[in-house]
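Below is one structure, written out as structure tokens; comments come after it.
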Amino acid sequence: MRNKTSNKSTRVSSPTTQSKRTEAKRNKRKVILQAALDLFSSNGVHGTSVEQIAELAEVSKTNLLYYFASKEQLYLDVIQQLLDVWLKPLQGFSPEQDPIEAISSYIEVKLTLSRDNPKESRLFCMEVVQGAPLLFNQLESPLRAIVQAKVEVISGWIEAGKLAPVDPYHLIFSIWATTQHYADFRVQVEAVTGQSLDDPEFFAATLHNIQSIILNGVRPQPS
């Protein structure tokens with residue numbers, strides 16, 4: 001008797017199918033990251049469980065852990081995503097720019113980020129206030145290197161007489177503190193003024209005042 005053997009055809013995914021699968025995985029990661037951000041920014045990393053994130057993202061815990069090995073890894077990915085957005089505008093400072101225009105533009109970008117990404121800002125603030133236990137390495141190396149490079153740019157502007165002699169570090173810190181205040185202390189701002197950055201008129205007034213306060217402090221004074 002002949003042995004009947006069945007021919008099994010190997011199915012090879014088409015480029016279109018592979019592309020759809022890749023896109024589906026990317027979208028799933030985005031949903032999980034957004035759910036994690038919502039919970040971490042409200043409850044902190046220790047007050048948030050994997051189960052809560054999975055429920056909000058509408059995935060199983062097993063499925064979530066397929067994309068992210070642990071809650072801590074998910075938290076770091078959320079923070080890293082935030083750092084990428086937060087630091088990108090600062091990287092744009094260059095010696096050939098007009099310093100007043102560059103600083104004015106940077107203030108606007110930072111205030112816009114506070115308006116559009118309040119949860120990210122509050123989460124970052126929460127992490128730093130707690131001593132950045134999970135983020136210290138990222139803060140110590142990439143952030144320090146970027147800031148140091150921009151301090152040198154600002155120092156060059158000062159030496160060229162294009163800016164008043166202020167400490168570049170404190171200038172950067174002042175911009176961060178002032179613009180991020182409207183996200184990190186949004187409840188306080190709304191309680192005092194009855195307004196938020198979501199109101200276009202309030203946003204414009206806030207931007208004008210912050211720019212005026214900071215830029216008037218760094219404009220070169222006539223001798």
For Thr48, list long-range residues whose amide hydrogen, built 1.01 Å from N in the peptide plane, is under 5 Å from its own amide hydrogen.
none
Show the residues, 5+ positions off or on another chain, whose built amide H is closer than 5 Å to the amide H of Leu163.
Ile158
At a Förster radius of 25 Å, what calculated FRET efficiency corresponds to the Cβ-Cβ distance of Gln73 and Phe185, to the nearest 0.05?
0.25
If the only charges are +1 at each Lys and Arg Cβ and -1 at each Asp and Glu Cβ, what is the size of the charge dipole of the chain around the Cα centre, to the nearest 20 debye?
1800 debye
Using a Gaussian network for the chain with springs between C-alpha atoms less than 10 Å apart, which of these wobbles most: Ala57, Ala183, Ala69?
Ala69
Between Ala36, Gln195, Phe68, whose Cα lies farthest towards the positive end of the dipole of the chain when Lys and Arg beta carbons carry +1 and Asp and Glu beta carbons carry -1, centred on the Cα centre?
Phe68
Given contacts defined as C-alpha pairs under 8 Å and at least six residues apart, what's the relative contact order of region 15-68, whole-number percent?
32 percent
Farthest toward positive dipole pole in the chain [+1 Lys/Arg, -1 Asp/Glu at C-beta], among Thr22, Ala57, Ala102:
Thr22
How tilted is helix 200-218 with respect to the longest principal axis of the chain? Cα atoms for both, answer in degrees (0 to 90, nearest 10).
50 degrees
Calculated from DSSP helices alone, with each H run of at least 4 adding -39500 (n - 2.57) and the total divided by the residues of the chain, [θ]222 nm to the nearest 500 comes to -22000 deg cm²/dmol
So which GluC sites (Glu not before Pro) in region 89-189 are both in a DSSP loop and have at most 16 other Cβ atoms within 10 Å of their Cβ?
Glu96
Gyration tensor verdict on region 15-68 (Cα atoms; rounded if a/c is under 1.5, prolate if a/b is larger than b/c, oblate otherwise)
prolate
To the nearest 10 degrees, the tilt of helix 99-116 (Cα long axis) against the first principal axis of the alpha carbons of the chain is 50 degrees
Pick the calculated Kirkwood radius over Cα pairs in Å for this structure from (i) 18.9; (ii) 17.8; (iii) 20.6?
(iii)
Relative contact order computed over the chain (Cα-Cα under 8 Å; 6+ residues apart), in percent
21 percent
Hey, what angle do you get for helix 118-129 against the long axis of the chain, alpha-carbon based, 0 to 90 degrees rounded to 10?
80 degrees
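Read-outs: derived from the displayed coordinates by stated rules, not from any lab. Values in this document were obtained by computation on a predicted structure and should not be read as measured data. Because the Cβ atoms are built from the backbone with ideal geometry, glycine has one as well, and the counts that use them run over all protein chains shown.
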